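Notes for the one structure printed next.
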Amino acid sequence: MVAPRPHHRRRCSTIALAACLALIAVCGSTGCSTYAHRVTQVRSAYYSNQLSQAEKLVQESLTKGGGEADVLTLEHAMIQLASGRAKEAEQSLRRVRDSFDHLEQTDVAETTWSFFTDDKGRAYAGEDYEKVLIRALLAVTNLMHDGGDAEAYVLQTMEKQEQIIAAGVDKQGENPKAQYQRVAFAPYLRGVLSEASHWNYDDAQRSFAQVVSWRPEFTSGKADVERVTQGRQPRQGYGVIQVFAFTGRGPYKEEAVEAPTSASLLIAGEIVSALGKQTLPPNIAPVKVPKVVARPNSVQGVSVLVDGRAGGETQTVTDVTLLARQQCEALLPRTVARAVARRVVKMGVVYGTKEAAGFAKHDVASFAVDMAGLAWEATESADTRCWGLLPDKIQVLRLEVPAGDHDLKLIPVSSQHHAAGAAASRRIRVRDGGNTYVLAQFPTDQLVGQVLVREQ
(Lines give C-alpha, C1' and ligand atoms only; values in the text may rest on other atoms or scores of the structure.)
Protein backbone atom coordinates (compact mmCIF):
# COMPACT_ATOMS: atom_id res chain seq x y z
CA MET A 1 0.00 0.00 0.00
CA VAL A 2 1.35 3.37 -1.03
CA ALA A 3 1.48 5.96 1.76
CA PRO A 4 -0.28 9.25 0.94
CA ARG A 5 2.09 11.99 -0.15
CA PRO A 6 2.72 14.87 2.31
CA HIS A 7 1.02 17.44 0.11
CA HIS A 8 -2.03 15.16 -0.14
CA ARG A 9 -2.20 14.87 3.68
CA ARG A 10 -1.86 18.62 3.94
CA ARG A 11 -4.68 19.18 1.47
CA CYS A 12 -6.94 16.77 3.39
CA SER A 13 -6.11 18.53 6.65
CA THR A 14 -6.93 21.87 5.08
CA ILE A 15 -10.28 20.65 3.82
CA ALA A 16 -11.10 19.10 7.21
CA LEU A 17 -10.20 22.30 9.08
CA ALA A 18 -12.17 24.50 6.72
CA ALA A 19 -15.17 22.17 7.01
CA CYS A 20 -14.89 22.19 10.80
CA LEU A 21 -14.80 25.98 10.97
CA ALA A 22 -17.75 26.23 8.61
CA LEU A 23 -19.73 23.75 10.72
CA ILE A 24 -19.05 25.70 13.92
CA ALA A 25 -20.12 28.91 12.20
CA VAL A 26 -23.35 27.38 10.93
CA CYS A 27 -24.18 25.82 14.31
CA GLY A 28 -23.53 29.12 16.05
CA SER A 29 -25.80 31.15 13.78
CA THR A 30 -28.66 28.72 13.11
CA GLY A 31 -32.02 30.02 14.21
CA CYS A 32 -30.94 33.60 14.93
CA SER A 33 -32.92 35.26 12.15
CA THR A 34 -35.83 32.87 12.71
CA TYR A 35 -36.04 33.79 16.39
CA ALA A 36 -35.84 37.51 15.64
CA HIS A 37 -38.68 37.17 13.14
CA ARG A 38 -40.84 35.17 15.56
CA VAL A 39 -40.39 37.51 18.49
CA THR A 40 -41.09 40.54 16.29
CA GLN A 41 -44.39 38.95 15.29
CA VAL A 42 -45.28 38.28 18.92
CA ARG A 43 -44.58 41.85 19.99
CA SER A 44 -46.43 43.32 17.03
CA ALA A 45 -49.53 41.26 17.85
CA TYR A 46 -49.33 42.28 21.52
CA TYR A 47 -49.04 45.98 20.78
CA SER A 48 -51.99 45.67 18.38
CA ASN A 49 -54.06 44.14 21.21
CA GLN A 50 -54.29 40.82 19.36
CA LEU A 51 -53.53 38.83 22.48
CA SER A 52 -54.85 35.47 21.26
CA GLN A 53 -52.62 35.71 18.18
CA ALA A 54 -49.63 36.79 20.29
CA GLU A 55 -50.16 33.85 22.64
CA LYS A 56 -50.48 31.41 19.73
CA LEU A 57 -47.19 32.62 18.26
CA VAL A 58 -45.42 32.32 21.63
CA GLN A 59 -46.69 28.81 22.23
CA GLU A 60 -45.65 27.71 18.74
CA SER A 61 -42.16 29.07 19.35
CA LEU A 62 -41.92 27.45 22.79
CA THR A 63 -42.64 24.01 21.34
CA LYS A 64 -39.48 24.34 19.23
CA GLY A 65 -37.28 24.71 22.32
CA GLY A 66 -33.89 26.37 22.02
CA GLY A 67 -32.03 28.99 24.00
CA GLU A 68 -34.86 31.50 23.73
CA ALA A 69 -37.40 29.58 25.82
CA ASP A 70 -37.00 31.74 28.94
CA VAL A 71 -37.28 35.00 27.01
CA LEU A 72 -40.39 33.73 25.23
CA THR A 73 -41.87 32.70 28.59
CA LEU A 74 -41.35 36.25 29.87
CA GLU A 75 -43.21 37.60 26.84
CA HIS A 76 -45.93 35.02 27.52
CA ALA A 77 -46.26 36.24 31.11
CA MET A 78 -47.01 39.78 29.92
CA ILE A 79 -49.65 38.45 27.54
CA GLN A 80 -51.23 36.36 30.31
CA LEU A 81 -51.28 39.35 32.65
CA ALA A 82 -52.90 41.62 30.07
CA SER A 83 -55.48 38.90 29.42
CA GLY A 84 -56.51 38.96 33.08
CA ARG A 85 -54.79 35.68 34.00
CA ALA A 86 -52.58 37.02 36.77
CA LYS A 87 -52.12 33.66 38.47
CA GLU A 88 -50.82 32.06 35.25
CA ALA A 89 -48.53 35.05 34.69
CA GLU A 90 -47.12 34.58 38.20
CA GLN A 91 -46.38 30.91 37.46
CA SER A 92 -44.60 31.81 34.20
CA LEU A 93 -42.49 34.45 35.92
CA ARG A 94 -41.57 32.03 38.72
CA ARG A 95 -40.29 29.49 36.19
CA VAL A 96 -38.01 32.03 34.55
CA ARG A 97 -36.86 33.46 37.87
CA ASP A 98 -35.77 29.98 38.97
CA SER A 99 -34.17 29.26 35.60
CA PHE A 100 -32.16 32.50 35.64
CA ASP A 101 -31.01 31.75 39.20
CA HIS A 102 -29.80 28.33 38.08
CA LEU A 103 -28.01 29.77 35.05
CA GLU A 104 -25.97 32.09 37.26
CA GLN A 105 -23.79 29.05 37.92
CA THR A 106 -20.85 28.85 35.52
CA ASP A 107 -21.16 26.20 32.81
CA VAL A 108 -17.63 25.53 31.57
CA ALA A 109 -18.72 23.65 28.46
CA GLU A 110 -21.17 26.36 27.48
CA THR A 111 -18.66 29.13 28.08
CA THR A 112 -16.06 27.30 26.00
CA TRP A 113 -18.53 26.77 23.17
CA SER A 114 -19.40 30.47 23.17
CA PHE A 115 -15.73 31.28 22.42
CA PHE A 116 -16.04 29.24 19.24
CA THR A 117 -19.37 30.82 18.23
CA ASP A 118 -20.60 33.98 20.02
CA ASP A 119 -22.57 34.94 23.11
CA LYS A 120 -25.67 33.22 21.73
CA GLY A 121 -23.82 29.96 22.31
CA ARG A 122 -24.65 30.37 26.00
CA ALA A 123 -28.04 29.90 27.59
CA TYR A 124 -29.61 33.31 28.15
CA ALA A 125 -29.39 34.02 31.88
CA GLY A 126 -31.12 37.42 31.77
CA GLU A 127 -29.82 40.94 32.14
CA ASP A 128 -29.47 42.29 35.67
CA TYR A 129 -32.45 44.62 35.29
CA GLU A 130 -34.58 41.72 34.03
CA LYS A 131 -33.70 39.58 37.05
CA VAL A 132 -34.82 42.38 39.37
CA LEU A 133 -37.96 43.26 37.42
CA ILE A 134 -39.09 39.63 37.28
CA ARG A 135 -39.41 39.76 41.05
CA ALA A 136 -41.12 43.16 40.98
CA LEU A 137 -43.69 41.88 38.51
CA LEU A 138 -44.15 38.73 40.56
CA ALA A 139 -45.26 41.01 43.39
CA VAL A 140 -47.76 42.76 41.12
CA THR A 141 -49.16 39.59 39.56
CA ASN A 142 -49.60 38.02 42.98
CA LEU A 143 -51.24 41.16 44.34
CA MET A 144 -53.76 41.17 41.48
CA HIS A 145 -55.06 37.66 42.16
CA ASP A 146 -54.26 36.77 45.76
CA GLY A 147 -51.86 39.11 47.51
CA GLY A 148 -50.58 36.61 50.05
CA ASP A 149 -47.03 36.55 48.70
CA ALA A 150 -46.79 40.09 47.34
CA GLU A 151 -44.66 41.44 50.18
CA ALA A 152 -42.34 38.42 50.05
CA TYR A 153 -41.75 39.08 46.36
CA VAL A 154 -41.04 42.74 47.10
CA LEU A 155 -38.39 41.74 49.64
CA GLN A 156 -36.92 39.33 47.06
CA THR A 157 -36.74 42.20 44.57
CA MET A 158 -34.76 44.41 46.92
CA GLU A 159 -32.52 41.55 48.08
CA LYS A 160 -31.73 40.48 44.50
CA GLN A 161 -30.91 44.05 43.55
CA GLU A 162 -28.32 44.38 46.29
CA GLN A 163 -26.95 40.89 45.64
CA ILE A 164 -26.34 41.71 41.97
CA ILE A 165 -24.58 44.96 42.82
CA ALA A 166 -22.40 43.36 45.49
CA ALA A 167 -21.33 40.63 43.06
CA GLY A 168 -20.14 43.15 40.49
CA VAL A 169 -16.65 43.63 41.94
CA ASP A 170 -13.93 42.43 39.55
CA LYS A 171 -10.36 41.26 40.27
CA GLN A 172 -9.11 44.85 40.19
CA GLY A 173 -11.66 45.90 42.80
CA GLU A 174 -13.74 47.88 40.29
CA ASN A 175 -17.51 47.58 40.38
CA PRO A 176 -19.40 49.08 37.43
CA LYS A 177 -22.66 47.80 38.94
CA ALA A 178 -22.31 50.19 41.87
CA GLN A 179 -23.74 52.92 39.63
CA TYR A 180 -26.91 50.95 38.87
CA GLN A 181 -30.14 52.86 39.33
CA ARG A 182 -32.32 51.16 41.94
CA VAL A 183 -35.85 49.94 41.19
CA ALA A 184 -37.88 52.31 43.35
CA PHE A 185 -41.11 50.48 42.53
CA ALA A 186 -40.12 47.75 45.02
CA PRO A 187 -40.00 49.92 48.16
CA TYR A 188 -43.03 51.85 46.88
CA LEU A 189 -45.11 48.69 46.75
CA ARG A 190 -43.84 47.64 50.15
CA GLY A 191 -44.92 51.03 51.50
CA VAL A 192 -48.38 50.57 49.98
CA LEU A 193 -48.78 47.13 51.54
CA SER A 194 -47.47 48.27 54.93
CA GLU A 195 -49.78 51.27 54.99
CA ALA A 196 -52.75 49.12 53.97
CA SER A 197 -52.27 47.07 57.13
CA HIS A 198 -53.24 50.20 59.14
CA TRP A 199 -50.64 49.45 61.79
CA ASN A 200 -47.22 49.01 60.15
CA TYR A 201 -46.60 52.70 59.55
CA ASP A 202 -42.91 52.59 60.52
CA ASP A 203 -42.14 50.20 57.66
CA ALA A 204 -44.30 52.27 55.34
CA GLN A 205 -42.41 55.43 56.31
CA ARG A 206 -39.01 53.81 55.72
CA SER A 207 -40.14 52.39 52.39
CA PHE A 208 -41.53 55.65 51.04
CA ALA A 209 -38.43 57.52 52.25
CA GLN A 210 -36.34 55.05 50.25
CA VAL A 211 -38.44 55.78 47.17
CA VAL A 212 -37.76 59.49 47.57
CA SER A 213 -34.05 58.80 48.01
CA TRP A 214 -33.82 56.58 44.93
CA ARG A 215 -36.12 58.65 42.73
CA PRO A 216 -36.31 62.31 43.80
CA GLU A 217 -38.33 63.12 40.64
CA PHE A 218 -41.25 61.18 42.08
CA THR A 219 -43.01 64.18 43.58
CA SER A 220 -45.79 62.18 45.26
CA GLY A 221 -43.19 60.49 47.42
CA LYS A 222 -42.91 63.38 49.88
CA ALA A 223 -46.67 63.37 50.44
CA ASP A 224 -46.55 59.61 50.99
CA VAL A 225 -43.82 60.00 53.62
CA GLU A 226 -45.71 62.79 55.41
CA ARG A 227 -48.99 60.87 55.41
CA VAL A 228 -47.61 57.67 56.94
CA THR A 229 -45.37 59.57 59.36
CA GLN A 230 -48.54 61.06 60.81
CA GLY A 231 -50.27 57.68 60.67
CA ARG A 232 -53.17 59.27 58.83
CA GLN A 233 -55.76 56.79 57.59
CA PRO A 234 -58.49 57.50 55.03
CA ARG A 235 -61.45 59.37 56.53
CA GLN A 236 -64.36 57.36 57.89
CA GLY A 237 -66.38 56.07 54.95
CA TYR A 238 -63.44 56.37 52.51
CA GLY A 239 -61.10 53.90 50.88
CA VAL A 240 -58.13 53.95 48.52
CA ILE A 241 -57.80 53.32 44.79
CA GLN A 242 -54.22 52.31 44.04
CA VAL A 243 -53.50 52.48 40.32
CA PHE A 244 -50.53 50.72 38.68
CA ALA A 245 -49.93 51.63 35.04
CA PHE A 246 -47.42 50.08 32.64
CA THR A 247 -46.96 52.78 30.02
CA GLY A 248 -45.12 52.90 26.72
CA ARG A 249 -43.17 50.25 24.86
CA GLY A 250 -40.08 49.18 26.73
CA PRO A 251 -36.48 48.89 25.53
CA TYR A 252 -35.10 46.26 23.20
CA LYS A 253 -31.66 45.24 22.01
CA GLU A 254 -30.15 45.67 18.59
CA GLU A 255 -26.75 44.86 17.20
CA ALA A 256 -24.08 47.57 17.22
CA VAL A 257 -20.46 47.65 16.03
CA GLU A 258 -17.68 48.58 18.42
CA ALA A 259 -15.56 50.39 15.81
CA PRO A 260 -12.37 51.24 17.80
CA THR A 261 -12.07 47.65 18.98
CA SER A 262 -12.61 46.33 15.44
CA ALA A 263 -9.85 48.62 14.13
CA SER A 264 -7.45 47.59 16.91
CA LEU A 265 -7.98 43.90 16.21
CA LEU A 266 -7.39 44.48 12.49
CA ILE A 267 -4.07 46.21 13.20
CA ALA A 268 -2.99 43.52 15.67
CA GLY A 269 -3.81 40.77 13.19
CA GLU A 270 -1.81 42.45 10.45
CA ILE A 271 1.20 42.80 12.74
CA VAL A 272 1.09 39.10 13.65
CA SER A 273 0.76 38.15 9.98
CA ALA A 274 3.76 40.30 9.06
CA LEU A 275 6.05 39.15 11.85
CA GLY A 276 4.88 35.62 12.57
CA LYS A 277 5.58 32.34 10.84
CA GLN A 278 1.95 32.10 9.68
CA THR A 279 -0.56 34.54 8.29
CA LEU A 280 -3.85 35.28 10.04
CA PRO A 281 -7.19 35.78 8.30
CA PRO A 282 -7.68 39.50 7.60
CA ASN A 283 -9.48 40.70 10.71
CA ILE A 284 -12.07 42.78 8.92
CA ALA A 285 -15.14 41.28 10.62
CA PRO A 286 -16.49 43.93 13.02
CA VAL A 287 -16.80 43.35 16.75
CA LYS A 288 -20.53 43.23 17.41
CA VAL A 289 -22.14 44.01 20.74
CA PRO A 290 -25.75 44.38 21.92
CA LYS A 291 -27.08 47.89 22.43
CA VAL A 292 -30.21 48.79 24.39
CA VAL A 293 -32.50 50.99 22.32
CA ALA A 294 -35.34 53.18 23.57
CA ARG A 295 -38.54 53.02 21.59
CA PRO A 296 -40.38 56.25 20.73
CA ASN A 297 -43.53 56.51 22.85
CA SER A 298 -46.53 58.79 22.53
CA VAL A 299 -47.98 57.74 25.88
CA GLN A 300 -46.32 59.42 28.87
CA GLY A 301 -48.89 58.80 31.57
CA VAL A 302 -52.48 57.88 32.43
CA SER A 303 -55.15 60.34 33.53
CA VAL A 304 -57.60 58.82 36.03
CA LEU A 305 -61.23 59.90 36.29
CA VAL A 306 -63.57 58.71 39.04
CA ASP A 307 -67.28 59.12 38.29
CA GLY A 308 -66.39 61.64 35.61
CA ARG A 309 -64.24 63.81 37.91
CA ALA A 310 -60.50 64.18 37.46
CA GLY A 311 -58.62 62.24 40.10
CA GLY A 312 -55.04 62.79 38.96
CA GLU A 313 -52.35 61.51 36.63
CA THR A 314 -49.98 58.62 37.18
CA GLN A 315 -46.34 59.36 37.94
CA THR A 316 -43.25 57.36 37.07
CA VAL A 317 -41.76 55.42 39.95
CA THR A 318 -39.42 53.31 37.79
CA ASP A 319 -38.10 54.22 34.34
CA VAL A 320 -37.44 50.79 32.82
CA THR A 321 -35.79 52.06 29.64
CA LEU A 322 -33.41 54.31 31.56
CA LEU A 323 -32.60 51.43 33.89
CA ALA A 324 -31.78 49.09 30.98
CA ARG A 325 -29.68 51.63 29.09
CA GLN A 326 -27.65 52.62 32.13
CA GLN A 327 -26.87 49.00 32.95
CA CYS A 328 -25.92 48.18 29.35
CA GLU A 329 -23.52 51.14 29.23
CA ALA A 330 -22.02 50.26 32.63
CA LEU A 331 -21.22 46.72 31.47
CA LEU A 332 -20.17 47.60 27.92
CA PRO A 333 -16.41 47.30 28.67
CA ARG A 334 -16.95 43.76 29.95
CA THR A 335 -19.10 42.87 26.93
CA VAL A 336 -16.43 44.19 24.57
CA ALA A 337 -13.67 42.38 26.48
CA ARG A 338 -15.56 39.10 26.09
CA ALA A 339 -16.02 39.71 22.36
CA VAL A 340 -12.32 40.53 21.92
CA ALA A 341 -11.28 37.42 23.88
CA ARG A 342 -13.50 35.34 21.63
CA ARG A 343 -11.88 36.80 18.51
CA VAL A 344 -8.39 36.18 19.90
CA VAL A 345 -9.30 32.54 20.60
CA LYS A 346 -10.48 32.11 17.02
CA MET A 347 -7.32 33.68 15.61
CA GLY A 348 -5.25 31.47 17.88
CA VAL A 349 -7.04 28.34 16.67
CA VAL A 350 -6.37 29.22 13.03
CA TYR A 351 -2.73 30.17 13.66
CA GLY A 352 -1.99 27.15 15.86
CA THR A 353 -3.59 24.68 13.47
CA LYS A 354 -1.63 25.99 10.52
CA GLU A 355 1.58 25.88 12.55
CA ALA A 356 0.92 22.31 13.68
CA ALA A 357 0.14 21.24 10.11
CA GLY A 358 3.39 22.80 8.90
CA PHE A 359 1.82 25.01 6.26
CA ALA A 360 4.07 27.39 4.36
CA LYS A 361 3.26 31.02 5.08
CA HIS A 362 1.87 31.99 1.69
CA ASP A 363 0.84 28.73 0.00
CA VAL A 364 -2.65 27.89 -1.24
CA ALA A 365 -3.49 25.68 1.73
CA SER A 366 -2.69 28.50 4.15
CA PHE A 367 -4.87 30.88 2.15
CA ALA A 368 -7.79 28.42 2.22
CA VAL A 369 -7.60 28.17 5.99
CA ASP A 370 -7.45 31.97 6.25
CA MET A 371 -10.64 32.29 4.22
CA ALA A 372 -12.36 29.68 6.40
CA GLY A 373 -11.22 31.58 9.48
CA LEU A 374 -12.55 34.83 8.04
CA ALA A 375 -15.93 33.21 7.41
CA TRP A 376 -15.88 31.88 10.96
CA GLU A 377 -15.33 35.35 12.41
CA ALA A 378 -17.90 36.94 10.12
CA THR A 379 -20.72 34.76 11.46
CA GLU A 380 -20.49 36.37 14.91
CA SER A 381 -23.50 38.40 15.94
CA ALA A 382 -24.51 40.17 19.12
CA ASP A 383 -26.85 38.51 21.59
CA THR A 384 -30.02 40.59 21.24
CA ARG A 385 -32.27 38.31 23.28
CA CYS A 386 -34.26 40.33 25.81
CA TRP A 387 -37.58 40.75 27.58
CA GLY A 388 -39.14 42.95 24.93
CA LEU A 389 -42.67 43.38 26.32
CA LEU A 390 -41.56 45.23 29.42
CA PRO A 391 -43.11 48.70 29.67
CA ASP A 392 -41.17 51.89 29.18
CA LYS A 393 -42.25 53.11 32.62
CA ILE A 394 -43.96 51.77 35.73
CA GLN A 395 -46.30 54.44 37.05
CA VAL A 396 -48.57 54.79 40.06
CA LEU A 397 -51.35 56.94 41.50
CA ARG A 398 -53.08 56.83 44.89
CA LEU A 399 -56.58 58.24 45.33
CA GLU A 400 -58.82 58.43 48.39
CA VAL A 401 -62.51 58.16 47.45
CA PRO A 402 -65.80 57.49 49.23
CA ALA A 403 -66.55 53.82 49.80
CA GLY A 404 -68.96 52.31 47.29
CA ASP A 405 -69.16 51.59 43.58
CA HIS A 406 -67.47 53.93 41.11
CA ASP A 407 -66.97 54.32 37.38
CA LEU A 408 -63.24 54.44 36.70
CA LYS A 409 -61.80 55.82 33.47
CA LEU A 410 -58.17 55.55 32.46
CA ILE A 411 -57.05 57.84 29.63
CA PRO A 412 -53.56 57.61 28.08
CA VAL A 413 -52.00 61.06 27.86
CA SER A 414 -49.09 62.62 25.96
CA SER A 415 -46.18 64.61 27.35
CA GLN A 416 -48.37 67.73 26.97
CA HIS A 417 -50.97 66.04 29.20
CA HIS A 418 -53.44 65.79 26.31
CA ALA A 419 -55.46 62.65 25.62
CA ALA A 420 -53.41 60.37 23.39
CA GLY A 421 -56.05 57.67 22.92
CA ALA A 422 -59.41 56.30 23.93
CA ALA A 423 -60.37 55.85 27.58
CA ALA A 424 -60.58 52.43 29.19
CA SER A 425 -63.51 52.07 31.61
CA ARG A 426 -64.12 49.76 34.54
CA ARG A 427 -66.70 49.61 37.30
CA ILE A 428 -64.97 49.13 40.66
CA ARG A 429 -65.91 48.83 44.32
CA VAL A 430 -64.05 50.56 47.14
CA ARG A 431 -64.52 49.35 50.69
CA ASP A 432 -64.43 51.54 53.77
CA GLY A 433 -60.80 51.70 54.92
CA GLY A 434 -59.69 49.22 52.26
CA ASN A 435 -57.52 49.34 49.12
CA THR A 436 -58.73 48.57 45.61
CA TYR A 437 -55.84 47.73 43.29
CA VAL A 438 -56.04 48.56 39.59
CA LEU A 439 -53.56 47.50 36.92
CA ALA A 440 -53.59 48.62 33.28
CA GLN A 441 -51.12 48.28 30.40
CA PHE A 442 -50.87 51.12 27.86
CA PRO A 443 -47.88 50.33 25.64
CA THR A 444 -49.48 52.47 22.94
CA ASP A 445 -52.43 54.86 22.79
CA GLN A 446 -54.83 51.99 23.48
CA LEU A 447 -55.25 49.66 26.41
CA VAL A 448 -53.85 46.19 25.82
CA GLY A 449 -56.05 43.46 27.25
CA GLN A 450 -58.20 44.43 30.20
CA VAL A 451 -58.08 46.55 33.32
CA LEU A 452 -57.36 44.25 36.25
CA VAL A 453 -59.03 45.02 39.58
CA ARG A 454 -58.68 43.45 42.99
CA GLU A 455 -60.27 44.56 46.24
CA GLN A 456 -58.31 44.25 49.45
Q. List, please: which pairs have Cβ atoms under 6 Å, are six or more places apart or on different chains, and start with a residue in the range 315-333 that is of a type in the set (Val, Ile, Thr) and end with one that is part of a helix (DSSP H, G or I) and buried (at least 21 other Cβ atoms within 10 Å of the Cβ)?
A. Val317/Phe185; Val317/Tyr188; Thr318/Phe185
Q) Taking Ile411 and the conditions (1) modelled with pLDDT of 95 or more; (2) over 25 Å from Gln450 (Cα atoms), which numbered condition does it fall short on, given that it satisfies the others? A) (2)
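Hey, could you check the range 425-456 for residues that are assigned to a loop (DSSP other than H, G, I, E, B) and of a type in the set (Val, Ile, Thr) and say which is nearest to Gln242 (Cα to Cα)? Write out each step before concluding.
From the range 425-456, those assigned to a loop (DSSP other than H, G, I, E, B) are 431-434, 443-451, 456; that's our starting set.
Subsequent filtering for residues that are of a type in the set (Val, Ile, Thr) retains 444, 448, 451.
Working: Thr444: 22, Val448: 19, Val451: 13 Å.
For the range 425-456, the residue satisfying everything is Val451.
Mind listing whichever residues of the range 67-88 are over 15 Å from Tyr46 (Cβ atoms) and part of a loop (DSSP other than H, G, I, E, B)? Lay out the reasoning, then the answer.
Residues of the range 67-88 that are over 15 Å from Tyr46 (Cβ atoms), as a first pass: 67-70, 86-88.
Within the range 67-88, Gly67, Glu68 meet the criteria.
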Q) When Ile241 is evaluated against the numbered criteria (1) at pLDDT below 95; (2) touching a His at 6+ places or on another chain (Cβ under 9 Å), which criterion, by number, is the only one it fails? A) (1)
Q | Filter pass, Lys177 being outside any loop (DSSP other than H, G, I, E, B), under 27 Å from the mean Cα position of the chain (by Cα) and of a type in the set (Lys, Arg) | A | yes
Q) Which ones in the range 430-456 are among the charged types (D, E, K, R), under 30 Å from His198 (Cβ atoms) and touching a Ser or Thr at 6+ places or on another chain (Cβ under 7 Å)? A) Glu455
Q. If you check every pair at least six apart or on different chains, which have Cβ atoms under 7 Å apart with a residue in the range 173-201 that is closer than 18 Å to Leu133 by Cβ first and a residue that is assigned to a loop (DSSP other than H, G, I, E, B) second?
A. Lys177/Gly168; Ala184/Arg215; Ala184/Phe218
Q: Could you grab me the full set of residues in the range 403-420 that are surrounded by fewer than 17 Cβ atoms within 10 Å (Cβ to Cβ) and more than 15 Å from Gly239 (Cβ to Cβ)?
A: Asp407, Ser414, Ser415, Gln416, His417, His418, Ala419
Q) Is it fair to say Gln161 is of a type in the set (S, T, N, Q), at pLDDT 95 or above and either in a loop (DSSP other than H, G, I, E, B) or in contact with a strand residue (DSSP E or B) (Cβ under 6 Å, 6 or more places away or on another chain) (or both)? A) no
(Q) I want to confirm something. Restricting to the range 424-442 and keeping residues that are within 18 Å of Ala136 (Cα to Cα) and of a type in the set (A, V, I, L, M), which single residue is surrounded by the fewest Cβ atoms within 10 Å (Cβ to Cβ)? (A) Val438
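Residue-wise test of (1) more than 28 Å from Phe442 (Cα to Cα); (2) modelled with pLDDT under 70; (3) crowded, with 18+ Cβ neighbours inside 10 Å.
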{"site": "Ala19", "(1), (2), (3)": "yes, yes, no"}
{"site": "Ser44", "(1), (2), (3)": "no, no, no"}
{"site": "Ser48", "(1), (2), (3)": "no, no, no"}
{"site": "Gly67", "(1), (2), (3)": "yes, no, no"}
{"site": "Ser83", "(1), (2), (3)": "no, no, yes"}
{"site": "Phe100", "(1), (2), (3)": "no, no, yes"}
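The values are calculated or read from the model by the stated rules, or taken from the named source; none is laboratory data. Computed from a prediction, not measured in an experiment: that's the story for all the values here. In this analysis, Cβ positions are derived from the backbone assuming ideal geometry, glycine residues included, and neighbour counts consider all displayed protein chains.
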